[in-house]
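Step one of this worksheet: look at the structure below.
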Amino acid sequence: MSKEEKRVPELRFEGFHDDWEQRKLIEVADYRNGKAHEKDISENGDYIVVNSKFVSTNGAVKKFSDELIAPLKKGELAFVLSDVPNGRAIARTFLIDEDNKYSLNQRIAGIIPHSDTNSYFLHSLMNRHHYFLRFDDGAGQTNLSKKEVENWTELYPSIEEQDKIGSFFKQLDDTITLHQRKLEQLRELKKAALQTLFPQKTETEPRVRFANFNEPWKARKLGDYLSIPKKEKKVVKKSDELITVKLNLGGVVLGSSRDTLSLGATAYYVRHSGQLIYGKQNFFNGSIAIIPDNLDGKASSGDVPSFDIININSDYLYTFISRPVYWKQKEAFASGTGSKRIHESTFLNFDICLPNTYDEQQAIGCYFKKLEKLTILYQSKLERLLSLKKSFLQKMFI
């Protein structure tokens, strides 16, 4: 007997063997509409208004109300009914975790599971289900009706098996949330450190310094610490072997024909690990990086020039010039009538402020490098968890 005939998922908890049964939503939960809150929005209200932005950001973006106009109860699902074409909010669910805290806005449905339906099971099954997404034609705004939602039909196991599955996904989601919070904390920590460990605007020294460093800082030009390699080896490389710079991420990657910074280039130059590179046309998007060891000997076009780093800590140098506040201040120096560029001579004339001692440079550079490694680690863990959840959703539901 096939999987479809047996109506069972690919992966199950031990001890469960019965077929799952087909049910309409109206058979497993009650439906209700939210109410308008526009006249009751308050900056310091006691109640959270559950609207599409709140649900789509999993509670990160909030509006408040002084009145509990349409109270939501613990275990109830908030379900987004309306969104723009190809929107990411439509059919998203948010599981209410507390009584007398949330008020249901209009264009959001309240889904109240029956006693024989596990709320977290339904939340995991219903969220962005393909049945609801098919109503989005990509042209007009999607507005799911009460009838369309109530007639949604799916397969359900016994309440005991629902409880097991619901508990499993709650633990997985809690772990994902912890990693997301840690990642956000690391990003906020870096943002604060960039503002305090480097001089701001007219300042000549930072507001915060590591212990035992008190010598004055100095103002110099990038050209004092960067030099164009004297003998660049000119080669012809296939597009998938090019070094490019990830926009806004500061990472270095092997490019492809789609993301090379100069598709029409015919000459490429061998680059080496430890060199600093930047994208002439994309400098204002943060296209700056230091070539890692695994890309030593690869090539980039003239639109991604390289420099040898001399007499400065490379981690400090990279952190200083990769700050958004730094490259945004340089837009006036770009040249060109079409695509604006920062040429090598202009780049080398940019300013840099740095500690007088290499040890302080190293301390600052090392601090940010550790932050970056932690951020990459948690980002990688989060991506793996999200991939794992996607796989379990496919295998534990029919």
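The values are calculated or read from the model by the stated rules, or taken from the named source; none is laboratory data. All values reported here derive from a predicted model rather than from experimental measurement. Note: ideal-geometry Cβ built from the backbone for every residue, glycine included; neighbour counts use all protein chains shown. When the accessible area is computed, the model is the full protein with side chains, heavy atoms only, and any ligands, DNA or RNA have been set aside. Shrake-Rupley method; radii C 1.70, N 1.55, O 1.52, S 1.80 Å.
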> For the range 267-284, what are the residues that are surrounded by fewer than 18 Cβ atoms within 10 Å (Cβ to Cβ) and touching a strand residue (DSSP E or B) at 6+ places or on another chain (Cβ under 9 Å)?
Replying inline: ALA267, HIS272, SER273, GLY274
> What is the number of the single condition among (1) under 29 Å from GLU215 (Cβ atoms); (2) surrounded by 20 or more Cβ atoms within 10 Å (Cβ to Cβ) that LEU348 does not meet?
Replying inline: (2)
> Of the residues that make up the range 314-328, is at least one under 18 Å from LYS230 (Cβ atoms), surrounded by 14 or more Cβ atoms within 10 Å (Cβ to Cβ) and either in contact with a Cys (Cβ under 7 Å, 6 or more places away or on another chain) or not acidic (Asp, Glu) (or both)?
Replying inline: no
> Is there any pair linking a residue in the range 287-299 that is in contact (Cβ under 8 Å) with a residue 60 or more places away in the chain and open to solvent by less than 50 Å² (accessible area, probe 1.4 Å) to one that is hydroxyl-bearing (Ser, Thr, Tyr) and assigned to a strand (DSSP E or B), with Cβ under 9 Å and at least six apart or on different chains, and which?
Replying inline: ALA299/TYR268; ALA299/TYR269
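So that you can scan it fast, the table gives a plain yes or no per residue for (1) modelled with pLDDT under 95; (2) within 24 Å of TRP327 (Cα to Cα); (3) surrounded by 11 or more Cβ atoms within 10 Å (Cβ to Cβ):
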| site | (1), (2), (3) |
| --- | --- |
| LEU144 | no, no, yes |
| LYS147 | no, no, no |
| GLU188 | no, yes, no |
| LYS221 | no, yes, yes |
> For the range 55-101, which strands (runs of 3 or more DSSP E) that fit wholly inside it have 1 or more residues that are touching a residue at least 24 places away in the same chain (Cβ under 8 Å) and under 24 Å from PHE132 (Cα atoms)?
Replying inline: 77-80, 93-95
> Restricting attention to the range 223-250, which residues are surrounded by 14 or more Cβ atoms within 10 Å (Cβ to Cβ), part of a loop (DSSP other than H, G, I, E, B) and at pLDDT below 95?
Replying inline: PRO229, GLU232, LYS237, LYS246, LEU247, GLY250
>> Could you check the range 352-389 and list, in sequence order, the residues that are over 31 Å from the mean Cα position of the chain (by Cα) and open to solvent by 70 Å² or more (accessible area, probe 1.4 Å)?
In response: ASN356, TYR358, ASP359
> Considering SER124, SER119, SER103, which residue is open to solvent by less than 50 Å² (accessible area, probe 1.4 Å) and over 22 Å from GLU161 (Cα atoms)?
Replying inline: SER103
>> Looking only at the range 1-14, filter to residues that are over 33 Å from the mean Cα position of the chain (by Cα) and exposed (fewer than 14 other Cβ atoms within 10 Å of the Cβ); which one of those is modelled with the highest pLDDT?
In response: GLU14
> Can you tell me which residues in the range 347-398 are within 30 Å of SER167 (Cα to Cα) and among the small types (Gly, Ala, Ser)?
Replying inline: SER380, SER387, SER391
> Is there a residue being surrounded by 13 or more Cβ atoms within 10 Å (Cβ to Cβ), part of a loop (DSSP other than H, G, I, E, B), out of contact with any Cys (no Cβ under 6 Å at 6 or more places or on another chain) and among the hydrophobic types (A, V, I, L, M, F, W, C) anywhere in the range 15-32?
Replying inline: yes
> Of all residues in the range 110-163, which are farther than 20 Å from ASN33 by Cα, aromatic (Phe, Trp, Tyr) and more than 27 Å from the chain's Cα centre (by Cα)?
Replying inline: TYR156
> Within the bounds of the range 206-214, is there any residue that is open to solvent by less than 40 Å² (accessible area, probe 1.4 Å) and not in a helix (DSSP H, G or I)?
Replying inline: yes
> Looking at (1) modelled with pLDDT under 85; (2) part of a strand (DSSP E or B), can you tell me which one SER256 breaks?
Replying inline: (2)
>> Quick check on my filter: what residues within the range 70-91 are surrounded by 22 or more Cβ atoms within 10 Å (Cβ to Cβ) and not small (Gly, Ala, Ser)?
In response: LEU72, GLU76, LEU77, PHE79, VAL80, LEU81, ILE90
